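Working notes, beginning with the structure itself.
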Amino acid sequence: LTDARDMAVPFFGPLPLPGSESSAFLTRWEVVALGAVKGGVMGTAYPRSGRGYAWRNAPRKACPGCDALSMPTLLEAPRQGIYLMRSVVTARKAMAVRVAVGSDSPFRMWLNGRDLCHSRTATNPVIPDLYGVKARLRRGLNEVMAAFDGRNGMGWGITVRFQPVPPARQLPPDALVIPPRRR
């Protein structure tokens, strides 16, 4: 199965997403297109304040049936360059977690302004939870921000969710408040 450019059509689901102990995926994001950035995602600096950017809500139905995938733009409107994406999660108490990330394009991620993880070689397809790093969520609001390379439409998006540490435990159902996707 190919598209008009004779490229393989990506297949997204249903995907088995193991780990019922995980939180829901972050699906409510704000995004801003930065365009070309010297050094790509690794050259993108964390914006100390979100001011000065024209943040907009990420598309609601960027990829029908891809509920775990958060995309910076609609598939019909791919652009070359770097996007900044930001979301929030509220923790009922401070806790250690594994931040589980999937991406089909190079990315760099920050948690509460601190470098969290990155991949310069991420590529298609998105594999949820492929990249993971232990982190500490503070009690209350926590900001997740990512620099994402759109690769001229080849990079579709990222998946982000939280898993318990150690893995044998489960996150209590009310441990994290993740805003639902806007419909």
Exercise. For segment 79-183, what is the convex hull volume of the alpha-carbon atoms per residue, in Å³?
Worked result: 108 Å³
For this session: List the residues whose amide H sits under 5 Å from the amide H of Ala122, counting only those 5 or more places along or on another chain, with H placed 1.01 Å from N in the peptide plane.
Result: Phe107
Seminar exercise, completed: Treating every alpha carbon of segment 115-173 as one equal point scatterer without solvent, the Debye formula yields log10 I(q)/I(0) values at q = 0.23 Å⁻¹ of -1.14
Exercise. From the square roots a ≥ b ≥ c of the eigenvalues of the alpha-carbon gyration tensor of segment 69-140, which class results: rounded (a/c under 1.5), prolate (a/b over b/c), or oblate?
Worked result: prolate
Seminar exercise, completed: For segment 67-183, averaging the sequence separation of alpha carbon pairs under 8 Å that lie six or more residues apart and dividing by its residue count, the contact order in percent is 40 percent
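Coordinate-derived values only; no laboratory data. For clarity, every value in this text was computed on a predicted model and none was experimentally measured.
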